[in-house]
1. Could you tell me which residue of the range 353-376 is nearest to residue 194 (Cα to Cα), considering only residues that are open to solvent by less than 10 Å² (accessible area, probe 1.4 Å) and among the β-branched types (Val, Ile, Thr)?
2. Tally time: how many residues in the range 334-359 are touching a residue at least 12 places away in the same chain (Cβ under 8 Å) and more than 17 Å from residue 291 (Cα to Cα)?
3. Could you please find all residues in the range 227-245 being in contact (Cβ under 8 Å) with a residue 60 or more places away in the chain and either among the polar types (S, T, N, Q) or in contact with a Leu (Cβ under 9 Å, 6 or more places away or on another chain) (or both)?
4. Select from the range 179-226 the residues that are without any contact (Cβ under 8 Å) to a residue 24 or more places away in the chain and touching a Pro at 6+ places or on another chain (Cβ under 9 Å) and list them in ascending order.
5. Only one residue in 301, 262, 268 is exposed (fewer than 14 other Cβ atoms within 10 Å of the Cβ) and at pLDDT below 80, so which one is that?
6. Find the residue count for the range 34-67, including only residues that are part of a loop (DSSP other than H, G, I, E, B), of a type in the set (Val, Ile, Thr) and in contact with a strand residue (DSSP E or B) (Cβ under 7 Å, 6 or more places away or on another chain).
7. Quick one: is residue 206 closer than 23 Å to residue 92 by Cα, open to solvent by 20 Å² or more (accessible area, probe 1.4 Å), out of contact with any helix residue (DSSP H, G or I) (no Cβ under 7 Å at 6 or more places or on another chain) and at pLDDT below 95?
Amino acid sequence: MNRRRVTVAAAAVGVVAGATGLGLLAMPAGAGPAPVLPDVSAEALVESVLNAKPAAFGGTVDVDNDLGIPAIAGVPQLSDGASNLRIWTDGQGKVRVQLPGGDSERTFVDDGQTAWLWDSAEQTVTKLPHGSFEQAHPDLSGEPKAAPTDPVTLSRQVVAAIQEYSDVTVDGTARVANRPVYELVLTPKPTEKTVLREVRVAVDSELRVPLRVAVLTNGTDAPAAQVGFSELAVGPQDASLFAFTPPAGAKVTEPEVDAPSAEDKAAAEKAFTEANPQVIGEGWDVVLAARVPQDALAGLAEAGQQGQDQGRWQDRRQGEDVDVQGLIKQLGKQVSGSWGSGTLITTRVGGVLITDDGRVAAGAVPEQVLVDAIGQVK
């Protein structure tokens, strides 16, 4: 499989596949007239974004989704609505992220040697290897990540993934978190088949790091997904932010990280072979496809059903067998064709087609593109 195409697909679809529960950025509070900045070409701005050096900063990231995704209990960033998180970094690998949730909070701290995940509601601390931020965010729950939630990482991945398939322009200037920015716009080329109209990235004029990204769809000027800094302090941060001591009485666990056994490797290889992941198309209209095990479908069904009727789902889990396919069908509409039958789940930024026999195709594309792709899944 072409590694470059896989990278493009993972980044592009990861950003726009709202049906899988993606959360993106919030528009910043606009303040005052647009700043006057030196002219810069789109090519030079893209190059500076991809090559900008990490900076130390601290700030508040606002998340505001309007994707058409049901509420997901405990993870507001992955469903429709507004939420926020706080993030600090020293620019050298130390990170602190705080995710509020009602009266509780999840906190992730990487002190440069060890990473810690603190859940105040459960009074638990998980000790992790240094550099675990990529595995721990966006929801800090320890579940596999869907996509990064901080604007800097997310925007760089978007730009790197889709610039080749886009018309790239600089659309004036603005202010984000009271800092002057250039507005970088990536618009699908006319040959691209996608439900998206454009991706807008606000680039800090001094640091050349992205401070905001917004995804817009066809037919409306209201962003479907937005993430951005509402507050930002650039420069060295208080060193105490990157230190962590487990609170008294907290239960501390440290997952064992052993080299996989021959049996584990064989099982993983078997699962990968059975899933047979495929990348169909490229650019904005790329579709990711695979065969999904029943236990994975059960996880998707549980998340969706919790959003629609959490109490009834819990009752069913305790009292009777769960009809996984039945729950999935409640989330979308039934479709069929020469490829078979299944359920199409759509959002403003794309869709997922899940067949009754476990094939899955997902992308930021119209229904017909998904239908064409599912027929190619082996």
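The values are calculated or read from the model by the stated rules, or taken from the named source; none is laboratory data. Just so we're clear, the structure is a prediction, and the values are computed from it rather than from any experiment. Heads up, the Cβs are rebuilt from the backbone with ideal geometry, glycines too, and the neighbour counts pull from every protein chain shown. Ligands, DNA and RNA are excluded from the accessible area calculation, which covers all protein heavy atoms including side chains. Shrake-Rupley method; radii C 1.70, N 1.55, O 1.52, S 1.80 Å.
1. Ranking the candidates gives 365 first.
2. Count: 8.
3. Once the filter is applied, which keeps residues that are in contact (Cβ under 8 Å) with a residue 60 or more places away in the chain and either among the polar types (S, T, N, Q) or in contact with a Leu (Cβ under 9 Å, 6 or more places away or on another chain) (or both), the range 227-245 yields 227, 228, 229, 230, 232, 234, 237.
4. 197, 198, 216
5. 268
6. 1
7. On the way: closer than 23 Å to residue 92 by Cα: yes; open to solvent by 20 Å² or more (accessible area, probe 1.4 Å): yes; out of contact with any helix residue (DSSP H, G or I) (no Cβ under 7 Å at 6 or more places or on another chain): yes; at pLDDT below 95: yes.
Judged against the criteria, residue 206 is a match.
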